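The values are calculated or read from the model by the stated rules, or taken from the named source; none is laboratory data. Remember, predicted model here, so these are calculated numbers, not experimental data. Glycine also receives a Cβ, built like all others from the backbone with ideal geometry; neighbour counts cover every protein chain displayed. Accessible surface areas use protein heavy atoms only, side chains included; no ligands, DNA or RNA. Shrake-Rupley method; radii C 1.70, N 1.55, O 1.52, S 1.80 Å.
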Amino acid sequence: MLKFFKPAPAKERLPEDKIDAEYKKLRFQVFMGIFIGYAAYYLIRKNFSLAMPYLTEEGFSKGELGLALSAISIAYGISKFVMATISDRSNARVFLVTGLILSAIINLLMGFIPFFTSTITIMFIMLFLNGWVQGMGWPPSGRVLVHWFSVSERGGKTAIWNVAHNVGGGLMAPLAIGGVSLATTYFGATFIGYEGVFILPALVAVVVAIIAFALIRDTPQSEGLPPIEEHRDDYPSKSKKIFETELTTKEILFKYVLNNKWVWAIAIANIFVYFVRYGVLDWAPTYLSEEKGFNMSESGIAYFLYEWAGIPGTLLCGYISDKVFKGRRGPAGVVFMLGVLVAVLVYWFNPAGNPLVDNIALIAIGFLIYGPVMLIGLQALDFVPKKAAGTAAGLTGFFGYIGGAVSANAIMGFVVQHFSWDAGFMLLTVSCVLAVILFAITWNVRGHEVVKNH
Ligand SMILES: O=P(O)(O)OC[C@H](O)CO
């Protein structure tokens, strides 16, 4: 299995006069590959939530379906870390595409074969498997980013790549809904309709996987090019030391990731950032309809705006961290999380009957929260040598999903049900403050300086 993923071997160096043009072409090409590839991962990550209303009509309760849905976040959080330790020693091109195809197969099984959606246990297992293979998307993308883009340009490039997940997440719903109408129009005799939620996004993901495979290349050296640091004369440390030896899992974990206090600081910060990301997003439709009198379509629009507002916000955050704070990600995280705090307070205290203010607050949270989400991934890439980059990001993802996203569903749900929405908002407010403090701890840290100290 590991042989199948083996990193692409280095090729003989191209003649000097070919290197510039080849680098330029391939950098654009591999970037497009991981961008569309990761966007496609999001087409088939949470599409199950759109099948839930139909499955409720089939007799499943909301509680049961919510339990099945939680399998995705649990498996994804564990897998993003575990699979990253393999990905850091694997060919990114093969790894990313394999995960995407496996995820598409799981979705196609759930769409075409009724057995795979017949009980909660079976759906839980399928969604757990889907969450697991979904963990094969971020780490190889991180590997591509650190091998093809050098330290001083990585903020902007990572920010642009990072909006892939908003693009994919934003396109998932229209595709899934299109899938339902295709299923009922053309296969109404055999399909109920919800099957299309799985089938159409999965078919699109397969097409994207093929294109991504054609575009992505593992490392510059595997294409006869020099390492990016040498090519751009942009090294992570003054000693111009670069890390080109593939590491063992033990080295990655114990030499560079688990003993790095900065990685731990951002991993813990990620609990609170993800608690806010999913605590606001997942509960927005319920909160808006119960407390602010929104109907389903008004809530849907607010949800959509939250996702898309993340795109300009992420780009601005990456730009600010590169240009204003000169590669320090901590200050940008503090500024953006303080903004989120203010917007959460407005969203909380705005009385019912002012939907415009609720929408603006929600757009502001969407605009501001995805910057910190991106910065944590970026810091993880920065804080370790490039051969350990995916694992560091994977560790932050583990904390973000297991500590943040899962509790945003379970703890928020419990607190709101047994106490009140006010209690839920207190949790969100405290999370913002803790995220600000943890970003502030990394205020003066530039990634390459941390790498140098190791
Ligand atoms: O939540 P994830 O793992 O899909 O990551 C989202 C962003 O890319 C984090 O930088």
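Below is a table of values for the structure above.
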{"read-out": "So residue 200, is it buried (at least 22 other Cβ atoms within 10 Å of the Cβ), in contact with a helix residue (DSSP H, G or I) (Cβ under 6 Å, 6 or more places away or on another chain) and free of Cβ contacts under 8 Å to residues at least 40 places away in the same chain", "value": "yes"}
{"read-out": "Among (1) in contact with a helix residue (DSSP H, G or I) (Cβ under 6 Å, 6 or more places away or on another chain); (2) without any contact (Cβ under 8 Å) to a residue 60 or more places away in the chain - the single one residue 168 does not satisfy", "value": "(2)"}
{"read-out": "Residues of the stretch 170-182 that turn out to be crowded, with 23+ Cβ neighbours inside 10 Å and within 15 Å of the ligand (Cβ to nearest atom), as a count", "value": "1"}
{"read-out": "Cβ-Cβ under 7 Å pairs, at least 6 apart or on other chains, the stretch 28-39 side polar (S, T, N, Q), far side modelled with pLDDT of 95 or more and open to solvent by 10 Å² or more (accessible area, probe 1.4 Å)", "value": "29/215"}
{"read-out": "Residues located in the stretch 49-92, provided they are in contact with an Asp or Glu (Cβ under 9 Å, 6 or more places away or on another chain), under 30 Å from residue 248 (Cα atoms) and surrounded by 24 or more Cβ atoms within 10 Å (Cβ to Cβ)", "value": "88, 90, 92"}
{"read-out": "Test set (1) assigned to a helix (DSSP H, G or I); (2) under 17 Å from the mean Cα position of the chain (by Cα) - residue 45 fails condition number", "value": "(1)"}
{"read-out": "The stretch 359-387, residues that are under 18 Å from the mean Cα position of the chain (by Cα), open to solvent by less than 10 Å² (accessible area, probe 1.4 Å) and of a type in the set (A, V, I, L, M, F, W, C)", "value": "365, 369, 374, 375, 376, 378, 380, 381"}
{"read-out": "So residue 293, is it under 30 Å from residue 422 (Cβ atoms), in the same structural domain as residue 353 (by TED's automatic domain parsing) and part of a loop (DSSP other than H, G, I, E, B)", "value": "yes"}
{"read-out": "Filter result for the condition that a residue is assigned to a helix (DSSP H, G or I), away from the ligand (no atom under 12 Å from the Cβ) and open to solvent by 60 Å² or more (accessible area, probe 1.4 Å), over 319, 306, 347", "value": "319"}
{"read-out": "Restricting the stretch 322-333 to residues that are touching a residue at least 24 places away in the same chain (Cβ under 8 Å) and closer than 13 Å to residue 443 by Cβ, the residue that is most open to solvent (accessible area, probe 1.4 Å)", "value": "326"}
{"read-out": "Lone qualifier among 398, 336, 414, 367 - being part of a helix (DSSP H, G or I), free of Cβ contacts under 8 Å to residues at least 60 places away in the same chain and within 15 Å of the ligand (Cβ to nearest atom)", "value": "336"}
{"read-out": "Residues within the stretch 393-411 that are crowded, with 24+ Cβ neighbours inside 10 Å and more than 14 Å from the chain's Cα centre (by Cα), tallied", "value": "1"}
{"read-out": "Only listed residue being surrounded by 23 or more Cβ atoms within 10 Å (Cβ to Cβ), modelled with pLDDT under 90 and within 15 Å of the ligand (Cβ to nearest atom), chosen from 131, 155", "value": "155"}
{"read-out": "Where residue 320 falls short, out of the listed (1) in contact with a Gly (Cβ under 9 Å, 6 or more places away or on another chain); (2) β-branched (Val, Ile, Thr); (3) modelled with pLDDT of 95 or more", "value": "(3)"}
